[in-house]
Amino acid sequence: DHLIGEAVKFDITAYYKDINDLVTTRSSFEVAGNSVTFFVNEDYGSAKGVDISVEKLPANDFITGSLSYGYMVAKGIGSDALEPYYTYLTSLEDTLAPLTEYPLDFDQRHTLTAVIDFRVPYDRHLKVAGLAIPGGWGINTVGHYGSGLPYTMTDVDGNRLGDRNSGRLPAYYTVDMRFNKDFRMSRGGSILSFFVEIDNLFNRRNIINVYSLTGCADD
């Protein structure tokens, strides 16, 4: 964590997390030939990555903001407790939980977040094209980008193609914006704030799931 000059802060964090004894499901053929499924603490996984951020601190100008990038690899043998019950125990190919790690459902390799805040205090005024604009207002914009999450590809019969979670969804992004104008009810007194929030400013349609046969959301 380092301060560059008086108005820029730089931060980098590297991490590794080893996870053991996660709750999962297993099956035992012990009751009159019928399968009995029960919960045990057997799943394990790991997450490692690096986060880098640059932040513009408040100064004599009107602009603050930040840019954050994250790289992560999350692998394990189960994304949630019921995954073996619904996936492996009912599959013709896999009758046991996997013994080798694969990308977990939340294994998002790249994320990027950008924040820009433009704010004019009460005691400052701007001039645009010779027109004086009063203070006490601001615009905040937040953009998010994320690379595609993994999914398991299958053939027409529902059999798995390749390794589990070897396919990737398309990347997604979204931009949100907030504008506010403050009004002082009295000198040094309370403030009345008018604001407008816009979610998904550019009306972006992100794909959150696909058909495992085609890799498309609409086919």
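Can you run down the residue pairs with Cβ atoms below 6 Å, 6 or more apart or on separate chains, where the first is in the stretch 172-190 and over 29 Å from R109 (Cβ atoms) and free of Cβ contacts under 8 Å to residues at least 60 places away in the same chain and the partner is of a type in the set (S, T, N, Q) and loosely packed, with under 14 Cβ neighbours inside 10 Å?
Here the result reads N180/S193, each pair linking the stretch 172-190 to a residue that is of a type in the set (S, T, N, Q) and loosely packed, with under 14 Cβ neighbours inside 10 Å.
How about the stretch 1-82: which strands (runs of 3 or more DSSP E) wholly inside it have at least 3 residues that are surrounded by 15 or more Cβ atoms within 10 Å (Cβ to Cβ)?
8-31, 34-56, 63-76
Please return the ranges of strands (runs of 3 or more DSSP E) entirely within the stretch 117-219 where 2 or more residues are open to solvent by less than 70 Å² (accessible area, probe 1.4 Å).
Here the list reads 131-133, 137-146, 172-184, 191-198.
Looking at L96, L57, L92, can you tell me which residue is at pLDDT 90 or above and hydrophobic (A, V, I, L, M, F, W, C)?
L57
Filtering the stretch 35-75 down to residues that are in contact with a Leu (Cβ under 6 Å, 6 or more places away or on another chain) and of a type in the set (A, V, I, L, M, F, W, C), which residue is nearest to Y151 (Cα to Cα)?
This residue is A74.
Looking only at the stretch 181-204, which residues are out of contact with any Lys or Arg (no Cβ under 9 Å at 6 or more places or on another chain) and not small (G, A, S)?
Those that are out of contact with any Lys or Arg (no Cβ under 9 Å at 6 or more places or on another chain) and not small (G, A, S): K181, D182, F183, R184, M185, R187, D199, N200, L201, F202, N203, R204.
The values are calculated or read from the model by the stated rules, or taken from the named source; none is laboratory data. It should be emphasised that the depicted structure is a prediction, and the values quoted were computed from it without experimental measurement. Quick reminder, even Gly has a Cβ in these numbers, built from the backbone with ideal geometry, and neighbours come from all protein chains shown. Remember, those area values only see protein heavy atoms, side chains included, never the ligands or the DNA or RNA. Shrake-Rupley method; radii C 1.70, N 1.55, O 1.52, S 1.80 Å.
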